Amino acid sequence: MGAQIISGRDIADEIRAELKDRVAHLKEGSGVTPGLATVLVGENPASQMYVGMKNKAAADMGINSRQITLSVDTSEDELLGVVSGLNADPGIHGILVQLPLPDHIDEGKVLEAIHPSKDVDGFHPINVGRLATDSGDFFAPCTPAGVIEMLTRSGHDPSGKHVVVVGRSNIVGRPLAALLLRKAIGGNATVTVCHSLTVDLGSVTRSAEILIVAMGRPEMITAEMVAPGAIVIDVGTNRVDDPSRDKGYRVCGDVLFDEVAEVAEAISPVPGGVGPMTITMLLANTVKAASLRTTSG
Ligand code: GUN
């Protein structure tokens with residue numbers, strides 16, 4: 001029998017409907033319209049596409065969205081000036097600087113310049129530290145937060161489970177491990193993090209009750225690496241050549257879907273899995289930023 005499909009598309013729709021209500025209530029109750037600014041430096045086609053999708057999704061929800069597009073030769077100081085202007089702008093509650101930035105700009109410096117209360121990406125060291133110590137108010141990075149929502153809303157609460165995360169990036173693997181460890185709904189898991197130097201990856205992934213894969217290697221996780229009955233979330237989005245398709249490529253995850261779906265209890269597809277959740281959680285963080293600003297005056 002095939003596995004339950006955990007549809008990020010359906011869960012994203014559910015959350016967006018809830019957020020739309022919250023945006024309407026904010027507007028009615030306090031006259032505040034959440035505002036999101038996206039900053040794009042250069043002409044990376046993938047970044048252009050992602051930023052376009054983020055702005056459209058925000059606008060569809062009633063969030064004010066402002067896109068600032070800067071040329072590839074923008075200096076670090078100019079970019080820091082733009083961020084500083086957005087920090088001071090009362091109509092902007094969330095700031096997202098699309099990564100990667102051109103090589104001549106220090107990414108860390110720019111991320112640290114964003115005010116933590118407007119850091120809807122959750123990349124500022126203050127937000128990273130609060131997540132790591134599970135203390136105070138913080139913004140969680142969008143992709144990991146989306147994975148947690150997918151698990152809890154599909155009936156697979158990680159509490160008490162052995163969760164194996166494959167990948168230790170700052171955007172996905174590390175913050176995901178921190179979210180899974182929290183003493184909170186969606187947390188309380190026993191967490192193992194694997195990476196490129198993990199010895200005998202298959203023996204570790206086979207020990208997972210919940211397996212989350214974010215390694216960026218197309219279809220690396222095969223059925224023999226997954227325990228029967230495991231829950232599998234695939235964070236990978238890879239393009240692989242496929243001459244049989246009109247476009248000449250197809251999009252796949254890090255998990256060999258057809259094979260793993262035969263042994264797993266539940267699995268998220270690619271596309272239509274984690275992808276739609278990332279933008280949704282960005283919108284959720286923006287609404288949260290506007291609400292916090294409203295309640296704190
Ligand atoms: N580039 C790839 N993923 C992300 C993300 O989640 N946020 C930002 N700002 N840039 C990215």
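Can you compute log10 of I(q)/I(0) for the stretch 60-107 with the Debye formula, treating each Cα as one identical point scatterer, at q = 0.18, 0.21, 0.29 Å⁻¹? Those come out to -0.63, -0.81, -1.26, one per q.
Judged by the mean number of other Cβ atoms found within 10 Å, the most tightly packed of the peptides 193-202, 122-131 leads the ranking 122-131, 193-202.
Each residue, Arg66 and Ile126, gets one label point 7 Å from its Cα in the Cβ direction; the gap between the two is 2.0 nm. Note on Glu265 and Asp137: their simple-model spin labels are 3.7 nm apart, each label 7 Å out from Cα toward Cβ. For the pair the stretch 65-92 and the stretch 261-276, the centres of their Cα atoms are 37 angstrom apart.
Counting every other Cβ atom within 10 Å of each residue's Cβ, Thr33, Thr278 order from fewest to most as Thr33, Thr278. Its residues counted as N, the stretch 236-297 yields a C-alpha radius of gyration over 2.2 N^0.38 Å of 1.70.
Using alpha carbons only, the radius of gyration of the chain set against its Kirkwood radius gives Rg/Rh = 0.97. Normalised by 2.2 N^0.38 Å, with N the number of residues, the alpha-carbon radius of gyration of the stretch 22-99 equals 1.18.
The modelled label-to-label distance between Glu28 and Asp246, using points 7 Å beyond Cα along the C-beta direction, is 4.3 nm. Put a plus charge on the Cβ of each Lys and Arg, a minus charge on the Cβ of each Asp and Glu, and nothing anywhere else: the dipole of the chain about its Cα centre is then about 680 debye.
Pairs of lysine residues in the chain that meet both criteria, 8 or more places apart or on different chains and Cα atoms under 17 Å apart, total 9.
The phi-based Karplus calculation (6.51 cos²θ - 1.76 cosθ + 1.60; θ = phi - 60°) puts the 3J(HN,Hα) values of the stretch 230-237 at 6, 9, 10, 10, 9, 8, x, 9 Hz, whole numbers, x for Gly and Pro. Over the stretch 192-234, the Kirkwood radius and the radius of gyration, each from Cα atoms, give a ratio Rg/Rh of 0.90. Stokes-Einstein diffusion for the stretch 34-185 at 10 °C, viscosity 1.306 mPa s, with a Kirkwood radius from C-alpha pairs, works out to 96 µm²/s.
All of the numbers you see were taken from the coordinates with simple rules; none came from a lab. As the structure is a computational prediction, the values presented were derived from the model and not from experiment. Counting neighbours? That spans all protein chains shown, and the Cβs are built from the backbone with ideal geometry, glycine included.
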